[in-house]
Amino acid sequence: MTIPQSLAGAIARARSVAVLTGAGVSAESGVPTFRDAQTGLWAQFDPQKLATPDAFRRNPKLVWDWYAWRRKLVAKAEPNAGHRALAVLEGRVSDFALITQNVDGLHRRAGSRNVVELHGNIGRVKCSRENTIVEHWTEVGDEVPRCAGCGALLRPDVVWFEETLPPDALQAAEDAARRCQILLVVGTSAEVYPAAALPAYAKSAGATIVEINPNPTPLSDAADYVLRAPAGAVLPALVAAAWPV
Ligand code: BJW
C-alpha cells in the first residue's frame, strides 16, 4: 500500500488528529458491516424490525435475540491490524481522539484509550424505562430479562434510529472534529447522522480529510485524500510511512 509522502509528512507533523470509524474497520475481524451488499447485516435483516424503538416495542424478544447473537459474534472477534495501528497512532500524537460508531468495543481491546462511542456498546445492557446500566442479568426461559429495580424490560445499550446520541459523546466528537488538523474517516458509509456531519465540521474548521474505504461514499468528493483499500492494510502503512524506522 503506497501512502502519499505529503500525507505521511502531514500526519507526522500534526499536533491534533481525530479519527471517525465505522463498521468497515471491524470487517477484517469478522464483524459484519451494515450496508455492504451481500455481506452487510441489512442485506439479511430489516433495520425497521430490529434497530428502532418501535421494533423493540412490537417484538422485544426478536430484537433481544438478534443482539444476543451479535454480542456472541463480537465476543469471539479479535482486534485487527487496523485497530492496532490506531492505538499506535494515539501514542504518537499529542491531541488524539478516536470517535467510533461501532458498538463492538474492539478499539479499546486493541489498546486505544481516548475512545468516544457514539452509538453505545453492545456489551452493555440497560433498563428500557430508567436507562440505568445493568451489569448482571439472567435469562430465564424464553423471556426477555427485566430490570430488578422497576420490572421494565432490559435492552442493549446501543443507539437505535430515531434515538438521540449520548450528549457527552456527541459533544466530545464535535469538539474533536472542530479542533483537529487531520481527520481520518475509516470504514464508514457516511450515511448515518449526526456522525456523518462530523467530516463537514472538520473541513469547515480547516482540517485535512482523509477517507480510508475500498468503496466510494457521499464523503469521497470532499476528501483531500482517498485511500481505496481495506483499513487493515492502509492504517499500518500510514503509521509506518509517517514514522519510518
Ligand atoms: C471497509 C472495509 C474495510 C468494508 N476497510 N472499510 C435525514 C438527514 C439527517 C438525519 C436523518 C435523516 N433521516 C433520518 C435521519 C436520522 C437518522 C439517520 O441518519 N438516518 C440515515 C440513514 C438517513 N439518524 C438517527 O436516527 C440517529 N439519531 C438522531 O438523529 O437523533 C435525532 C433524531 C431523533 C428523532 C428523529 C430524527 C432524528 C441515530 C442513529 C443511530 C444509528 N444506529 C445504528 C445501529 C447501532 C446499534 C447496532 O449496532 O445495532 O448504528 S444503524 C448502523 O449505521 C450503526 C452504525 O454505527 C451506523 C453507521 O454505519 P457504518 O458504520 O457507516 O457501516 P456501513 O455498513 O454503513 O458502512 C461500512 C463501510 O465500510 C462501507 O462504506 C464499506 O465500503 C466499508 N468497508 N470493508 C475499510 N476492510
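Read-outs throughout are calculated quantities, based only on the coordinates presented, and are distinct from any laboratory measurement. Worth saying up front: this structure is predicted, and the values here are computed from it rather than measured. Note that each Cβ is placed from the backbone with ideal geometry, even for glycine, and that neighbours are counted across all protein chains shown.
Per-residue ellipticity at 222 nm computed for the chain from its helices equals -10500 deg cm²/dmol, with DSSP H segments shorter than 4 residues left out and the rest contributing -39,500 (n - 2.57). Treating only the Cα positions of the stretch 26-164 as identical point scatterers, give the base-10 log of I(q)/I(0) from the Debye formula at each q in 0.15, 0.17 Å⁻¹. Result of the Debye calculation: -0.82, -1.01. Ranked for footprinting exposure by Cβ neighbours inside 10 Å, fewest first, S112, S94, S29, S220 give S94, S220, S29, S112. With neighbours defined as other Cβ atoms within 10 Å of a residue's Cβ, the residues F45, F56 order from fewest to most as F45, F56.
Going from the residue with the fewest nearby Cβ atoms within 10 Å to the one with the most, K76, K126 rank K76, K126. Legend note: in the chain, cysteines whose Cβ sits 4.7 Å or more from every other cysteine Cβ are C150, C180. Sorting the segments 83-92, 127-136, 7-16 by their mean number of nearby beta carbons within 10 angstrom, highest to lowest, gives 83-92, 7-16, 127-136.
For the stretch 44-60, backbone phi angles converted through the Karplus equation (6.51, -1.76, 1.60; θ = phi - 60°) give residue-by-residue couplings of 9, 10, 8, x, 5, 8, 9, 10, 9, x, 5, 4, 5, 5, 6, 8, x Hz, Gly and Pro being listed as x.
Specify whether the C-alpha gyration tensor of the stretch 93-226 places it in the rounded, prolate or oblate class, a ≥ b ≥ c being the square roots of the eigenvalues: rounded for a/c under 1.5, otherwise prolate if a/b is larger than b/c and oblate if not. Prolate is the answer for the stretch 93-226, as a/c is 1.5 or above and a/b outweighs b/c. Each of A240, I11, A222 was placed along the dipole of the chain (beta-carbon charges, centred on the mean Cα), and the one lying farthest toward the positive end is A240. Principal axis analysis of the Cα atoms in the chain yields extents of 59, 34, 32 Å, listed in decreasing size.
Report for the chain the percent antiparallel among DSSP-assigned beta bridges with both residues inside it, nearest 5. Roughly 25 percent of the DSSP beta bridges within the chain come out antiparallel. Once the Cα-Cα distance is subtracted from the 0.36 nm per residue extended length, the L73 to K49 segment shows a gain of 6.6 nm.
Judged by the mean number of other Cβ atoms found within 10 Å, the most tightly packed of the peptides 61-68, 37-44 leads the ranking 61-68, 37-44.
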